[in-house]
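What follows is a short report on a single structure.
Just so it is clear, none of the values below were taken in a lab; they were calculated from the coordinates. Just so we're clear, the structure is a prediction, and the values are computed from it rather than from any experiment. Because the Cβ atoms are built from the backbone with ideal geometry, glycine has one as well, and the counts that use them run over all protein chains shown.
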Amino acid sequence: MDFFHYRDGQLFCEEVRVADIARREGTPCYIYSHKALETHFKAYDEAFAGFDHLVCYSVKACSNLSVVSLFASLGGGCDVVSGGELFRALRAGVSAEKIVFSGVGKTRDEINAALDAGILMFNVESSQELDFINQLAAEKSKIAPVSLRINPDVDPQTHPYISTGLSTNKFGIPISRAVSLYQRAAGLSHVRVVGVDCHIGSQLTQVNPFRDAMKRVKLLVQELRRLKLDIHYLDIGGGLGIRYEDEKPPMPSEYARAVLDEVKDLGCVLIMEPGRSLVGNAGIMVSKVLYTKEGETKKFVIVDAGMNDLVRPSLYHAYQKIVPIREDVDGGDNAQTVDVVGPICESGDFLAQNRLLPPCKPGDLLAVMSAGAYGFTMASNYNSRPRVPEIMVMGDQYSLIRRRETFDDLVAGEKMIDWAASPGGK
């Protein structure tokens with residue numbers, strides 16, 4: 001089901017006209033569909049029905065408290081990669097026993113906060129991190145549950161910036177060294193080995209890389225059990241892609257079949273960490289046309305959203321579909337090739353390049369589709385621009401789930417020195 005659709009020539013999110021939201025809340029803004037989020041989560045839950053599993057939403061994709069709490073209400077947990085994400089997950093009502101903590105650079109404060117909360121497990125990424133967790137747990141007279149994140153050296157066939165399972169990536173422990181590190185972990189006094197973790201990348205559009213990774217991880221689990229290590233959890237990571245343009249990513253049911261074909265006989269509790277595939281196509285960003293401009297070689301549509309609001313096109317040269325809020329009645333006959341650019345003082349500030357769009361004029365509204373993942377969470381205040389609001393649509397109603405920042409918000413944490421009163425001042 002398409003939760004963003006045209007009706008009577010106007011773009012709707014569920015049962016609410018997007019233009020009405022934009023008029024009341026202003027632009028730019030992010031809009032999420034509650035029904036889409038719920039549907040996508042249930043697709044994972046149902047795909048693994050019959051097997052002991054836990055869907056741990058990858059908070060980095062979209063960290064708004066309402067989004068996280070929705071998944072918690074459906075029985076989900078969280079995969080977090082920072083102390084801030086741990087704080088958000090707990091604040092949103094996620095049970096600590098359903099939180100896994102990933103990431104290569106966990107700090108003392110972050111590890112201590114996770115120990116105090118009593119999370120399900122740490123996904124450990126290096127031998128030094130393992131020792132540090134053991135040290136901090138000892139200081140608190142606690143036992144830290146750990147799994148080791150294994151790098152299986154599998155090519156996920158995705159963008160190099162979001163590939164994590166190759167031997168050249170910074171993530172995880174080489175599978176060739178895994179057994180020896182697991183044996184050392186088992187001998188530490190304040191950690192308890194509980195699982196194996198493997199995440200090979202993001203925006204994967206084929207199941208074979210998942211299958212290849214699981215084949216290698218299965219052999220590792222079997223070897224660890226021969227060594228009498230109790231591997232209770234198997235964290236299979238996330239990474240399932242979505243459709244931005246013409247991709248044909250597998251459905252969660254296909255992903256589940258590929259994974260279960262390899263590991264269903266291990267008897268492990270399966271943990272999965274979907275992010276983009278839950279929220280990506282559940283959100284859009286709406287922007288207003290400010291000006292149009294014709295250069296020597298290009299035509300530009302200048303909008304009020306910039307790379308600080310949505311960085312993916314600039315950072316990854318990622319394609320994101322852009323559509324008018326008002327349906328193109330000409331069927332594209334008058335389409336023009338344009339660059340859709342923002343107001344940021346950078347030549348790299350664009351939302352689309354060489355894109356066919358219907359003729360635009362100042363005041364028109366455009367929707368950037370598939371913006372629910374890595375949209376707002378990667379936003380910044382570059383050029384001292386306040387971050388934009390986030391809105392949740394539920395049927396024929398909507399709620400503001402994050403207000404638009406003000407100029408006062410921009411400087412709330414700053415302090416201005418009184419230069420006249422300072423040493424050397426005049």
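Compared with the direct C-alpha span, the chain from residue 189 to residue 346 gains 51.2 nm at full extension, assuming 0.36 nm per residue.
Remark: the chain carries a charge dipole of roughly 780 debye about the Cα centre, counting +1 on each Lys and Arg Cβ and -1 on each Asp and Glu Cβ. Taking one quarter of the surface of the convex hull spanned by the alpha-carbon atoms of the chain gives a direction-averaged projected area of 25.3 nm². Among the GluC sites (Glu not before Pro) found in the range 1-62, those both in a DSSP coil and sparsely packed, with 15 or fewer other Cβ atoms within 10 Å of their Cβ, are 15. For the range 63-274, the antiparallel share of DSSP beta bridges with both residues in that region comes to about 5%. Take the Cβ atoms of residue 294 and residue 107, set R0 to 51 Å, and the FRET efficiency comes out at 0.50.
Starting from the Cα of residue 328, move 7 Å in the Cα-to-Cβ direction to define the label point; list residues of the range 1-36 whose amide nitrogen is under 18 Å from there. Taking a point 7 Å out along Cα→Cβ of residue 328, the residues of the range 1-36 whose backbone N falls under 18 Å are 5-12.
Only helical runs count toward this figure. For the chain, summing -39,500 (n - 2.57) over DSSP H runs of n ≥ 4 and dividing by all residues gives -8000 deg cm²/dmol at 222 nm.
Each of 359, 297, 54 was placed along the dipole of the chain (beta-carbon charges, centred on the mean Cα), and the one lying farthest toward the positive end is 54.
Return the loop-located GluC sites (Glu not before Pro) in the range 245-313 (DSSP other than H, G, I, E, B) with at most 15 other Cβ atoms within 10 Å of their own Cβ; answer none if there are none.
245, 247, 296
With a cut-off of 18 Å, note down the residues of the range 345-363 whose backbone N falls inside the zone around a label point 7 Å from the Cα of residue 317 toward its beta carbon. Taking a point 7 Å out along Cα→Cβ of residue 317, the residues of the range 345-363 whose backbone N falls under 18 Å are 347-356.
Evaluate E = 1/(1 + (r/R0)^6) for residue 412 and residue 225, where r is the Cβ-Cβ distance and R0 equals 45 Å; express this FRET efficiency to the nearest 0.05.
Details: r = 53 Å, r/R0 = 1.17.
Between residue 412 and residue 225 the formula returns 0.30.
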